[in-house]
Amino acid sequence: MRIFDPHIHMTSRTTDDYAAMYDAGVRALVEPSFWLGQPRTSPESFYDYFDSLLGWEPFRAAQYGIAHHCTLALNPKEANDPRLLPVLDELPRYLLKDHVVAVGEIGYDSMTPAEDQALAAQLELAADHGLPAMVHTPHRDKAAGLARTLDVVRESRLAPGLVILDHLNETTVAAAKDSGCWAAFSIYPDTKMDEDRMVRILREYGTERMLVNSAADWGRSDPLKTRKTADAMLAAGFTDADVDKVLWQNPVEFYGQSGRLELEPEKPEAGGATYEGNSILRGGS
């Protein structure tokens, strides 16, 4: 079984997670930029973080046989802090980089005017750079948040087929599918969606333009939820081809629109330098 996790925050995970993911069948992933657990206080902290998603994290993933890609953005939670708005001016130079396969996560957290402006501006950046957009639908007032999101998407120059709507559930999937956008679901141990609910949604709505991710952020989460959803699909009577479509072909098709997917990770040199016995090879100087 091959798995492409289209949304997982590996910055918050350990190398043991990379090893377990590989053993479970994960061969590629996308890591969206997001908040760091506590508020940033300056734009410069974003730039170091973006650099890590472009350099260190792909290097770390490759040592475990996984191809790493990222999406970059001013996330909705931090779009409300005026100190951080200069990030929008710096994003264009980052969006030119290899392995950046979308603008994201963008969207709504508290549905404020500042979030409206950041979402609209970053959809335009995606259109300018010929990139897809990963849109975070809010965890509160989900139906209203999705409706507001779709209004902004329709007003943008970005075609619906270049937009993925994430963190969907039973209350929002129909409207998301009807919009022409791609539909994505974060599978968690306790919150959002679980694998059995996901199977019921796939039975009702089918497998076209449907993606499943583990998100795996700072809270209680599980980086193997993609594999557990695949197993639940098979147990419920879905075919191997159905599983491959949802867990591999769909994310490859969506992010492939960037023209930047590289599904074979760069393998580190055999016998590469370690540092005082550290199990992670050293990166570049």
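Looking only at the stretch 219-239, filter to residues that are among the hydroxyl-bearing types (Ser, Thr, Tyr) and either over 15 Å from the mean Cα position of the chain (by Cα) or surrounded by fewer than 20 Cβ atoms within 10 Å (Cβ to Cβ) (or both); which one of those is nearest to Asp16 (Cα to Cα)?
By that ranking, first place goes to Thr229.
Going residue by residue through the stretch 89-99, is there one that turns out to be crowded, with 19+ Cβ neighbours inside 10 Å, in contact (Cβ under 8 Å) with a residue 40 or more places away in the chain and over 22 Å from Ile187 (Cα atoms)?
yes
Specify which of the listed residues (Val163, Val243, Val153) is crowded, with 19+ Cβ neighbours inside 10 Å and under 16 Å from the mean Cα position of the chain (by Cα).
Checking each option against the conditions leaves just Val163.
Looking at Phe34, is it within 24 Å of Arg260 (Cα to Cα), buried (at least 21 other Cβ atoms within 10 Å of the Cβ) and aromatic (Phe, Trp, Tyr)?
yes
From the list Ser42, Ser52, pick out the single residue that is surrounded by fewer than 20 Cβ atoms within 10 Å (Cβ to Cβ) and within 18 Å of the chain's Cα centre (by Cα).
Ser52 is the lone residue from the list that is surrounded by fewer than 20 Cβ atoms within 10 Å (Cβ to Cβ) and within 18 Å of the chain's Cα centre (by Cα).
Do you know which residues across the stretch 3-29 are touching a helix residue (DSSP H, G or I) at 6+ places or on another chain (Cβ under 6 Å) and either among the β-branched types (Val, Ile, Thr) or surrounded by fewer than 15 Cβ atoms within 10 Å (Cβ to Cβ) (or both)?
Ile3
Can you work out which of the residues in the stretch 216-241 that are under 15 Å from Phe4 (Cβ atoms) and either among the acidic types (Asp, Glu) or part of a loop (DSSP other than H, G, I, E, B) (or both) is modelled with the highest pLDDT?
So, considering only residues that are under 15 Å from Phe4 (Cβ atoms) and either among the acidic types (Asp, Glu) or part of a loop (DSSP other than H, G, I, E, B) (or both), the one modelled with the highest pLDDT is Leu224.
Tell me which of these Leu84 doesn't satisfy, since it passes every other one: (1) touching a Ser or Thr at 6+ places or on another chain (Cβ under 9 Å); (2) closer than 30 Å to Asp16 by Cα; (3) of a type outside the set (Gly, Ala, Ser).
(2)
Among the residues of the stretch 153-174, what is the count of those that are touching a strand residue (DSSP E or B) at 6+ places or on another chain (Cβ under 9 Å) and either over 21 Å from Met193 (Cα atoms) or not charged (D, E, K, R) (or both)?
14
Pull up the stretch 65-85, narrow it to residues that are under 20 Å from Ser52 (Cβ atoms) and of a type in the set (S, T, N, Q), then point me to the one that is modelled with the highest pLDDT.
Residue satisfying both the conditions and the ranking: Thr71.
Inside the stretch 90-103, can you point out the residues that are at pLDDT below 95 and on the phi < 0 side of the Ramachandran plot?
Once the filter is applied, which keeps residues that are at pLDDT below 95 and on the phi < 0 side of the Ramachandran plot, the stretch 90-103 yields only Asp98.
The values are calculated or read from the model by the stated rules, or taken from the named source; none is laboratory data. A quick note: this is a predicted structure, and the numbers were derived from the prediction, not measured. Quick reminder, even Gly has a Cβ in these numbers, built from the backbone with ideal geometry, and neighbours come from all protein chains shown.
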